[in-house]
Every structure is written in structure tokens, then in C-alpha cells.
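See below for the structure under consideration.
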Amino acid sequence: MTTPPSGWTDELARVRLHVVTGKGGTGKTTGAAALAVALAHGGRRVLLVEVEGRQGLAQLFGRSPLPYAEEHLTRVPGGGEVRALAVDAEAALLEYLSMFYNLGFAGRTLRKMGAIEFATTLAPGLRDVLLTGKVKECVTRTDSRGRHAYDAVVLDAPPTGRVAKFLDVTRAMADLAKVGPIRDQSEGVVRLLHSGETAVHLVALLEELPVQETLEAVDELDAADLRPGAVLVNRVRPVRLPAGEVDTAARGAVDAEHVVSGLRNAGLDPAPAVVTGLVDQTVEHALRVRSERAAMTQLAAAGLPVLELPDRPDGIDAGVVHELAELLIEQGVR
Ligand SMILES: Nc1ncnc2c1ncn2[C@@H]1O[C@H](COP(=O)(O)OP(=O)(O)O)[C@@H](O)[C@H]1O
Ligand SMILES: [Mg+2]
């Protein structure tokens, strides 16, 4: 790439809540998981949270659906551990109510009646407040000696189009209860989300629309006084042409004779159709490299740290997530 990735900053190293967003399908779940594993290196405890009810984490790690409980997900070299939690708005509401009002049996009845669904449908903002409230509780929880339960929490968040609204707890609260425990709790959530302890990372692909969405999301986050973290450029593919030859090749000026002599040197005797095919492929590759370079330059203009994750043609599983995490560490994640 022409613009080298700029890596992790000291500011990001101090963040405890890493929110990962991006255009749908760009690799939020993959990126969040790789980041969680990377942060858990060196013996740290990290919680990976999902809020969309998709069970993407369970799928990625090839295990049965996660319950509404913090469960062991994977061990990391050096004694670290990633735990996972699938937060569900209904369970969070029951937990919340039972914390402040002793519901007990009534809570179970509520659940059976579908009252929770009713309540969250009535006040859509309530759902997000409950989810972010649970995340905040995980970030700030301490043990009896005052040590944080988790060194870091990584949130596999809603996509860029919805993330600013999701994190705008203040606005949601304006539509909800004016008084009471939910208001007090939400003030703590607002403080955390707008503090230096939180960063919102953006997963992007080197394609026009994801790049545009990423830049728009950065503006939206800035406007909402939320802190954009790093850009995680996902699915980066190898460049197979020397940097100086990309523009020439993209113009279609590929020297067929050069291709033939190269193949002859390798002991091959290519048919003319094969040579034409190779030349076409080279031009196509050069065009792709050029547009990806332009996309990278556009992304870099946001002025955020940039990290890269390679495309893995065979797909993603738990083992690959650990490999991606190693690459993030090489780029400074700590
Ligand atoms: N670096 C990568 N290389 C290859 N496939 C990837 C990569 N990152 C994501 N994918 C695949 O792309 C799809 C979407 O990724 P996912 O992380 O689920 O995105 P999101 O959470 O944003 O919807 C999945 O099938 C995933 O396996
Ligand atoms: Mg996902």
C-alpha cells in the first residue's frame, strides 16, 4: 500500500471499551474478535460482547449459541483469556428491574407475558439504553480488591448507519423516564461513552461505498462527541506488481513479450491464448490495485490510525482469528 498503516497509539492503549462498527458485512464480528484476542495477549482478561442477537461470535468460534452469561471463549498465549457475552435487551431489562425492584416471580411472569417486548417496542430507545447499560456494567465492574473484572471490553456493535444513534444514550433518555434509577445509571453510561476510556473503531473495505460510509461515520461520531478510534482495513489483498509498474499496467501497457520470456525462463512454452489471458489478468489486477490505493488514500484523510487485516480466501474460523490477532499486535495493538 502507498500509505503505510499507522498503527496503534498510546491513547488507544489506554482505552477500556473498544466499540467496533462498520458497514454491514465488512467484518465487524471478525475484526472485533481479532481485536479482543490481540488485547488479551500478555495475560489480560477481555470480554467480547455482541448486542445484535445474531450469535455471530458463537458461529465464528464454532460453538453452540451463547447464553446471556459471560462464558469462556478462547485462551490466548501468555495466560490471557477472552470471554464472550451475547446481551439480549429482554434479559437486560429483567436483570435491571430485579436489581432495583425486587421482582422475583413477577419478573418471570412478565417474561411469559411478553411484557418486555411490549415495553421495548413502546420505547425503542429503551432497548439501546439497556444494552449500553449492560456493557457499561461490564466495563466498570470490580472485584472485592477493587480490580477491574476485565482489562478491556470489545463491543461488536451495530453497523455504521445506526451506531451513533445506538451510542446516543442522552437522546434516548430524553424520551424515557425523567427520574429514577434508569436515569442515574444512564448518566454513568454517557460519561463512559464520551470519555477517553471509549473508542469507536471502524472496519472498512477498500471499496468505494464502505470507504464513503466510514468517512461519514467519522463525521457523525465527531458531531456526537464520540471518539473515533482506528480504521481497521479488512480483507486487504496482496499486490503482485512492483509499485512502479501499476500505473503502466493499469493503462493496458503490459509487455506481452516480457510475459512470454518470463514464462520461457521458467521452462514453459505458453500458447498465445494463455499469454493474452495473463496480460488481461495483469491489467485487471493493476486496475484493482490502483482503485484500492485511492481508497486507502481517502481513508487516510480521516487522520485516524490505520490497521490492516489480510483477506483470507479460505474464510474465517477461530484459528484464523488468532492469526489475525497476531497481525494486529505486530501493528501495535496492546
Ligand atoms: N479478512 C477476511 N478474509 C476473508 N473473509 C472474511 C474476512 N473478514 C470477514 N470475512 C467474511 O466476511 C463475512 C462477513 O464478516 P463478518 O465479520 O461477519 O462481518 P459483519 O460482522 O460486519 O457482518 C463472513 O463470512 C466472514 O467470514
Ligand atoms: Mg457481525
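Given +1 at the Cβ of Lys and Arg, -1 at the Cβ of Asp and Glu and no other charges, the dipole of the chain around its Cα centre is 1120 debye to the nearest 20.
Summing +1 for each Lys or Arg and -1 for each Asp or Glu, what net charge is found among the other residues whose Cβ lies under 12 Å from the Cβ of V279?
Values: positive: none; negative: D255, E257, D280, E284.
Here the charged neighbours net out to -4.
In the chain, what % of DSSP beta bridges are antiparallel (nearest 5)? Show your work: numbers first, answer last.
Details: 6 of 35 bridges.
Bridges in the chain are about 15 percent antiparallel.
So if R0 is 45 Å, what FRET efficiency would V236 and A123 give, r being the distance between their Cβ atoms, rounded to the nearest 0.05? Please report the intermediate quantities before stating the final value.
Values: r = 42 Å, r/R0 = 0.93.
According to the calculation, E is roughly 0.60.
What whole-number value in Å² describes the accessible area per residue of the chain for a 1.4 Å probe?
Value for the chain: 49 Å² per residue.
Probe radius 1.4 Å, ligands and nucleic acids left out: which of I182, I329 has the largest accessible area, and how do the rest follow?
Numbers: I182 20, I329 55 Å².
Largest accessible area first, the residues go I329, I182.
Expressed as a whole percent, the accessible surface of the chain that belongs to carbon and sulfur atoms is 52, based on a 1.4 Å probe.
Taking 56 Å as R0, compute the FRET efficiency from the Cβ-Cβ separation of H148 and R288 and round it to 0.05. Numbers along the way, then the final one.
Working: r = 44 Å, r/R0 = 0.79.
Taking R0 as 56 Å, the efficiency between H148 and R288 is 0.80.
The residues neighbouring T26, those whose beta-carbon lies less than 13 Å from its own, together hold a net charge of -2 under the Lys/Arg +1, Asp/Glu -1 convention. Spacing of the modelled spin labels on E326 and K165, each 7 Å from Cα toward Cβ, amounts to 4.2 nm.
In this structure, A243 and H194 have a Cβ-Cβ separation that, at R0 = 30 Å, corresponds to a calculated FRET efficiency of about 0.10. When the chain is treated as a GNM with alpha-carbon contacts under 10 Å, the residue of L73, L287, L309 showing the greatest mean-square fluctuation is L287.
PRE reach from Y68 (point 7 Å along Cα→Cβ): which of region 132-172 fall under 17 Å by backbone N? The answer is 132-138, whose backbone nitrogens lie closer than 17 Å to the label point.
Computed from Cα atoms, the angle from the helix 256-265 axis to the main principal axis of the chain rounds to 90 degrees. Less than 5 angstrom separates the built amide H of T198 from those of R16, L17, all sequence-distant by 5 or more or on a different chain. Which angle between 0 and 90 degrees, to the nearest 10, do you get for helix 89-100 versus the longest principal axis of the chain when only C-alpha atoms count? Helix 89-100 and the main axis of the chain meet at about 30 degrees. To the nearest ten degrees, helix 318-330 and the longest principal axis of the Cα atoms of the chain are 80 degrees apart. Between G267, G315, G24, the Gaussian network model of the chain with springs among Cα atoms under 10 angstrom shows the greatest mean-square fluctuation at G267.
The values are calculated or read from the model by the stated rules, or taken from the named source; none is laboratory data. Here the structure is a predicted model, which is why all the values come from computation and not from measurement. All Cβ positions, glycine included, derive from the backbone under ideal geometry; neighbour counts span all protein chains shown. All accessible areas refer to the heavy atoms of the entire protein, side chains included, with ligands and DNA or RNA removed. Shrake-Rupley method; radii C 1.70, N 1.55, O 1.52, S 1.80 Å.
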